[in-house]
Amino acid sequence: MEGNQPEIEEKIRKAASDKDQFVSSGLSGHLYIKIHPDEQHFWSPQLDLTFEQAEEHVIVRGLYGPKPTLWAIFFFGYVVLGILTVFVGMWGLTKWSLGMSSMVLWAIPIFAILAAILYFSAQAGQKLGAQQMFDIHHFYEETIGSKIQV
């Protein structure tokens, strides 16, 4: 993008403050565009922008996604289910190989069902936040005055 970094950042900040739907925050070189708190819900997305000044232009990188706490919930949910599956599997297979009752292995399909519930809730959340994602995307394109490749 042509221009210098502080001007582009300020242009985006000003455009966000002029709109009632968005708020912006961040430090120099890093900017978040979020949905206004009055319109936010659990699945509301945000745009995380980083700016890097090159010789005569600015490189802008963006990441659309949910709040980092929401990423963490799903990440740790999958990690916990994966670790439980491994340990219950080892314990159950050990008991089975020793000829003991290995009923604990029935927990593995339950963990798989819980992982599927996590997955489908994430998909449902993406659908609930889709319109706000499009709004942020179109706001950003409008502000910089050009189409961006997603």
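Among the residues of region 125-150, which ones are exposed (fewer than 11 other Cβ atoms within 10 Å of the Cβ), of a type outside the set (S, T, N, Q) and either in a helix (DSSP H, G or I) or modelled with pLDDT of 95 or more (or both)?
Of all residues in region 125-150, those exposed (fewer than 11 other Cβ atoms within 10 Å of the Cβ) come to 127, 131, 138, 145-147, 149-150.
If we keep only those that are of a type outside the set (S, T, N, Q) as well, we get 127, 138, 145, 147, 150.
If the condition is that a residue be exposed (fewer than 11 other Cβ atoms within 10 Å of the Cβ), of a type outside the set (S, T, N, Q) and either in a helix (DSSP H, G or I) or modelled with pLDDT of 95 or more (or both), then K127, H138 are the ones that fit.
For region 1-53, how many residues are β-branched (V, I, T), surrounded by 14 or more Cβ atoms within 10 Å (Cβ to Cβ) and either over 18 Å from E142 (Cα atoms) or in contact with a Lys or Arg (Cβ under 8 Å, 6 or more places away or on another chain) (or both)?
Initial filter on region 1-53 (β-branched (V, I, T)): 8, 12, 23, 33, 35, 50.
From what's left, surrounded by 14 or more Cβ atoms within 10 Å (Cβ to Cβ): 8, 12, 23, 33, 35.
Retained after the next criterion (residues that are either over 18 Å from E142 (Cα atoms) or in contact with a Lys or Arg (Cβ under 8 Å, 6 or more places away or on another chain) (or both)): 23.
Selection size over region 1-53: 1.
Yes or no, residue by residue, for (1) under 20 Å from the mean Cα position of the chain (by Cα); (2) assigned to a helix (DSSP H, G or I); (3) of a type in the set (G, A, S):
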| residue | (1), (2), (3) |
| --- | --- |
| E7 | no, yes, no |
| E10 | no, yes, no |
| K14 | no, yes, no |
| S17 | no, yes, yes |
| S25 | yes, no, yes |
| Y32 | yes, no, no |
| E39 | yes, no, no |
| F42 | yes, no, no |
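Among the residues of region 63-77 satisfying the criterion of being surrounded by 15 or more Cβ atoms within 10 Å (Cβ to Cβ) and among the aromatic types (F, W, Y), which is nearest to the chain's Cα centre (by Cα)?
Among those residues, the one meeting the criterion is Y64.
For I35, which of the numbered conditions (1) free of Cβ contacts under 8 Å to residues at least 60 places away in the same chain; (2) touching a Ser or Thr at 6+ places or on another chain (Cβ under 8 Å) fails to hold?
Condition (1) is where I35 drops out.
The values are calculated or read from the model by the stated rules, or taken from the named source; none is laboratory data. These figures come from a predicted structure and were not determined experimentally. Here Cβ is always computed from backbone atoms with ideal geometry, including for glycine, and neighbour counts include all displayed protein chains.
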